[in-house]
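Since the structure comes first, as structure tokens, the remarks are kept for the end.
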Amino acid sequence: MTSPLIILDKIERTFNFSKITIEVLKGISFTVKSGAFIAITGPSGSGKSTLMNIIGCIDTPTKGSYILEGTEVSKMDDEALAFIRNKKIGFVFQNFNLLPRYSALANVELPLFYAGIPRQLRKDKAESSLASVGLINRGLHSPSELSGGEKQRVAIARALVNNPLLILADEPTGNLDSKSSLEIMSLFQKLNIDTNVTIIVVTHDPAVADFAKRVITIVDGVIELDRSKR
Amino acid sequence: MNLLEVFIASLQNLKVNKVRSFLTMLGVIIGVTSVILLVSIGQGAKIYINEQFASLGTNLLIITPGKIETKGGPPLRTESVEKLTFEDSMALKRRAFLLKGVVPFVLGNSTVKYSNRSRSVIVAGVNNEYQWVRGFWVEIGSFVSDDDVEARRRVVVIGKKVVEELFGTSNPIAQMVKIGDVKFRVIGIMEKKGVSLGIDFDNVVFIPVKTAQDLFNTQSLFQIIVSVISEKELNNATDQIISVLKKRHNNKEDFTIVSQGAMLSTLDTILNVLTYVLGGIAGISLIVGGIGIMNIMLVSIKERTREIGIRKAVGAKKKDILIQFLIESITISTAGGIIGILLGIGGAAAAHKIFPALPTKVTPWAIIIAFVFSVSVGVFFGVYPAKKASELDTIESLRYE
């Protein structure tokens, strides 16, 4: 039995504004095994995106412990967190977050650039990553020339390109029509099965959550339901 | 992270907003161009003056009546002044053996008339030694002789321009001209010399010094110009002159001896200060250019907040973002600097072409300083915006619309 990929223990996150303090996460604990496919659901304002940001190392918890691959990351500095984001985590966003002036290929290359990989190797890796999401001949198009579904595939290719342990998708189908949504979720499912990459999807759409093997429901900053299929 | 690739990416970013990038650069371009241009004019003037002095001879001393304080404060004539006389010059010639030539010198303005034409000229009363002391020779005919001086003859040697104006193509030798109301016989024509230190030597007429004293109704001399046997003896010669003249002037040092070197170094200092002041004023516009860069970088960071968030999410460190924006501002200022240097060099050449009297000299140190300064402006005014960009919150930047 290998140790879990992620151990979250009593994660709290509060935001201090000038007059009020908002407790968004009030003690979240769960573990994620490598190769899992998890959906985090909950109503708006439940704290699921904040949880996602903490798991993604772009935010740090106010209290609690977050162990990723056996290492405590909740107290790491910016440089160490940037390294983890670069090498171990791939992000997919609701609004794609592609650089508009860069080609699809250049967008996919971006994490490799910050990983310090030489140019030619970068290009090769980015091309094969684009191929793995079914976009072989779209590399030189700019994001504005791509459909929503294609943009999200580019974003997934970017998330995959550094062979991360974990892919985090925040409402990945939120800006897509139902057909594209289905395609994107099927792609996630396929990647999960083929490459055993761990996937966590934040969504409020039950149809999307249905693709996952485990669904965690958060309400008001606490886990209300944690349900695995079969 | 590869700096070259960051640089190429920054060029692409500047290309996206071509007009904006150019306008931002313009501040630096104008600053650097004016630094180069003004410094090159200052340096040109300095070199020009140096050359002029060198052409006059470096072993000259000029004795003027009256004691002029040359150290501190404006020139001040003190005490009662005993004039320099022709006899003073003769005494120097006899007793100061370190002097090679002694020229008693009288200067005045007058008009020269020939038939119905007249011309305003500078009239110089000299002796024969003037020619080789000043290195300015007669070309046709003969120069004023010592005999002419003693006999107070009314003879004149005229400059090239005076010949052209009054005589055209006809031969002036042995013709009679009127200087003021006095008739003079033309005995020679000077070689062409041109303008030197603001005096047009081709518009000068030379007459015997004693004749000049009569003409201007004076007993004294304007100056005594002496040449020393060698440059090394300038100080000793000065002492000799002082001792000879003091004896004749009731033991008072009521005259001033100026060497070309002293005048040159004074002028050099003035021109250097002028150059620095001009360069400094131009430098201020460079700083204004830098503020322009900072302003645009802040705007650009605001516009690209989302981009910064994305870059951070995929693994850019604070340092990476800092370097990216710093390189962009340095690229703007350096490109502006290079364009400014080229325009400055071109402008200096053009200025000399349009105004030939305005000498310009583009010095390497001015180019180096302007370049280093423009790069530093990019660094200095780029650090704050870049630092701001690197410290943006990742989550908020990703949400930024």
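Wholly within the stretch B:138-252, which helices (runs of 4 or more DSSP H) include no fewer than the required count, namely at least 2 residues that are out of contact with any Pro (no Cβ under 8 Å at 6 or more places or on another chain) and among the β-branched types (Val, Ile, Thr)?
Filter on the stretch B:138-252 gives B:234-248.
Does the stretch B:234-289 hold any residues that are small (Gly, Ala, Ser) and within 25 Å of the chain's Cα centre (by Cα), and which are they?
Across the stretch B:234-289, the qualifying residues are B:Ser259, B:Gly261, B:Ala262, B:Ser265, B:Gly279, B:Gly280, B:Ala282, B:Gly283, B:Ser285.
Can you list the helices (runs of 4 or more DSSP H) found entirely within the stretch A:34-124 that contain at least 1 residues being more than 13 Å from chain B (Cβ to nearest Cβ) and over 14 Å from the mean Cα position of the chain (by Cα)?
A:104-114
Restricting to the stretch A:183-199, give me the number of residues that are part of a helix (DSSP H, G or I), of a type outside the set (Asp, Glu) and more than 16 Å from A:Phe93 (Cα to Cα).
Matching residues across the stretch A:183-199 total 7.
Does B:Ser265 meet the test of being more than 30 Å from A:Lys88 (Cβ to Cβ), part of a helix (DSSP H, G or I), free of Cβ contacts under 8 Å to residues at least 40 places away in the same chain and hydroxyl-bearing (Ser, Thr, Tyr)?
yes
Cβ-Cβ under 9 Å, sequence separation 6+ or interchain: first residue in the stretch B:154-166 and without any contact (Cβ under 8 Å) to a residue 40 or more places away in the chain, partner surrounded by fewer than 21 Cβ atoms within 10 Å (Cβ to Cβ) and in a helix (DSSP H, G or I). Which pairs?
As it stands, the answer is B:Val163/B:Asp202; B:Glu164/B:Asp202, since those pairs meet every condition given.
Determine which member of the set B:Ile47, B:Ile36 is surrounded by fewer than 18 Cβ atoms within 10 Å (Cβ to Cβ), modelled with pLDDT of 80 or more and part of a helix (DSSP H, G or I).
B:Ile47
Yes or no: A:Ile11 among the aliphatic types (A, V, I, L, M) and assigned to a loop (DSSP other than H, G, I, E, B)?
no
This table checks each residue for (1) hydrophobic (A, V, I, L, M, F, W, C); (2) surrounded by fewer than 20 Cβ atoms within 10 Å (Cβ to Cβ); (3) in contact (Cβ under 8 Å) with a residue 24 or more places away in the chain.
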residue	(1), (2), (3)
B:Lys183	no, yes, yes
B:Ile187	yes, no, yes
B:Gly194	no, yes, no
B:Phe206	yes, no, yes
B:Phe216	yes, yes, yes
B:Phe222	yes, no, yes
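Which residue is surrounded by the fewest Cβ atoms within 10 Å (Cβ to Cβ), if the candidates are limited to the stretch B:159-178 and must be farther than 19 Å from B:Asp214 by Cα and hydrophobic (A, V, I, L, M, F, W, C)?
B:Ala174
Can you name every one of the helices (runs of 4 or more DSSP H) wholly within the stretch B:290-401 that holds 1 or more residues which are more than 14 Å from chain A (Cβ to nearest Cβ) and surrounded by fewer than 21 Cβ atoms within 10 Å (Cβ to Cβ)?
In the stretch B:290-401, the matching helices (runs of 4 or more DSSP H) lie at B:318-354, B:364-390.
Could you list all residues from the stretch A:136-170 that are in a loop (DSSP other than H, G, I, E, B) and within 23 Å of A:Gly35 (Cβ to Cβ)?
Of everything in the stretch A:136-170, those that are in a loop (DSSP other than H, G, I, E, B) and within 23 Å of A:Gly35 (Cβ to Cβ) turn out to be A:Val161, A:Asn162, A:Asn163, A:Pro164, A:Leu165.
Since B:Phe216 meets every condition but one in (1) within 23 Å of B:Lys93 (Cβ to Cβ); (2) touching a Ser or Thr at 6+ places or on another chain (Cβ under 7 Å); (3) not basic (Lys, Arg), which condition does it not meet?
Going through the list (1) within 23 Å of B:Lys93 (Cβ to Cβ); (2) touching a Ser or Thr at 6+ places or on another chain (Cβ under 7 Å); (3) not basic (Lys, Arg), B:Phe216 breaks only (2).
Identify the residue in the stretch A:130-155 that is under 21 Å from A:Thr195 (Cβ atoms) and within 13 Å of chain B (Cβ to nearest Cβ) and, among all such residues, is nearest to the chain's Cα centre (by Cα).
Here the answer is A:Ala155.
The values are calculated or read from the model by the stated rules, or taken from the named source; none is laboratory data. Just so we're clear, the structure is a prediction, and the values are computed from it rather than from any experiment. Methodologically, a virtual Cβ is constructed for each residue, glycine included, from the backbone with ideal geometry; neighbour enumeration extends over all protein chains shown.
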